[in-house]
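Colleague: First the structure, which I've put down as structure tokens, then a few questions once you've had a look.
The values are calculated or read from the model by the stated rules, or taken from the named source; none is laboratory data. The shown structure was predicted, so the numbers you read here are calculated from the model rather than taken from an experiment. Backbone-built Cβ (ideal geometry, glycine too); neighbour counts: all protein chains shown. Surface areas here come from the heavy atoms of the whole protein model, side chains and all, with no ligands, DNA or RNA. Shrake-Rupley method; radii C 1.70, N 1.55, O 1.52, S 1.80 Å.
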Amino acid sequence: MPLIPASGTGKFWAHSAKIIRFARHGCTNRPFYHIVVMERRKGQHQPVIEQIGTYDPIPNENNEKLVSFNFERVRHWLGSGAHLSTPVAELLGIAGLLPVHPRTYMSAWRNRQAAEKVAELEAAKQKASGSTQGAEISS
């Protein structure tokens, strides 16, 4: 006899909406994420259907953020109709499985603008300190 839908399995579970998203683990101020498949309406700490990857957002000594995916299982779940959260879609775009997410382009553009502004301020500071040193030497 199949399980009734209220038990969390059975007919409802087979046809409910699935999503691929982050489930946060780790400690305070030291996040670590599992990339999991779960029912769309459940919270991040509810039981998951399958873990398909990990993401460590804190850069290591080589300034790398580590990500691992089981691409075979990601393709399986996407083919089965699972939805993607925006952060996972960004990572899959960077990894090359999906097209690059527009938010990735926007954050890269903002980072370039901030770097240019810092470079301009440094150049102005260098120019100002250079002209002051020249005036001190001539006096």
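Colleague: Scan the range 24-50 and report the pairs whose first residue is in the same structural domain as residue 66 (by the TED database) and of a type in the set (Val, Ile, Thr) and whose second residue is open to solvent by less than 80 Å² (accessible area, probe 1.4 Å) and part of a loop (DSSP other than H, G, I, E, B), with Cβ atoms within less than 7 Å and a gap of 6+ or a chain change.
Modeller: The qualifying pairs are 36/48; 37/48; 37/49; 37/82.
Colleague: Give the range 40-65 a look and list any residue that's in a strand (DSSP E or B) and touching a Pro at 6+ places or on another chain (Cβ under 9 Å), or say none.
Modeller: 55, 56, listed by residue number.
Colleague: Same structure again: Listed residues 60, 29; which is open to solvent by 60 Å² or more (accessible area, probe 1.4 Å), of a type in the set (S, T, N, Q) and either at pLDDT below 95 or in contact with a helix residue (DSSP H, G or I) (Cβ under 6 Å, 6 or more places away or on another chain) (or both)?
Modeller: Answer to the check: 29.
Colleague: Can you run down the residue pairs with Cβ atoms below 8 Å, 6 or more apart or on separate chains, where the first is in the range 95-109 and loosely packed, with under 14 Cβ neighbours inside 10 Å and the partner is not charged (D, E, K, R)?
Modeller: 99/93; 103/86
Colleague: Cβ-Cβ under 8 Å, sequence separation 6+ or interchain: first residue in the range 62-89 and under 10 Å from residue 20 (Cα atoms), partner part of a helix (DSSP H, G or I). Which pairs?
Modeller: Once the first residue is under 10 Å from residue 20 (Cα atoms) and sits in the range 62-89, its partners that are part of a helix (DSSP H, G or I) give 74/92; 84/78; 84/92; 86/103.
Colleague: Another question, then. Taking the condition of being within 15 Å of residue 97 (Cα to Cα) and out of contact with any Gly (no Cβ under 6 Å at 6 or more places or on another chain), how many residues in the range 35-69 meet it?
Modeller: Summing the residues that are within 15 Å of residue 97 (Cα to Cα) and out of contact with any Gly (no Cβ under 6 Å at 6 or more places or on another chain) in the range 35-69 gives 3.
Colleague: Something else about it: With (1) assigned to a helix (DSSP H, G or I); (2) open to solvent by less than 70 Å² (accessible area, probe 1.4 Å); (3) hydroxyl-bearing (Ser, Thr, Tyr) as the list, and residue 68 as the residue in question, which single condition is left unmet?
Modeller: (1)
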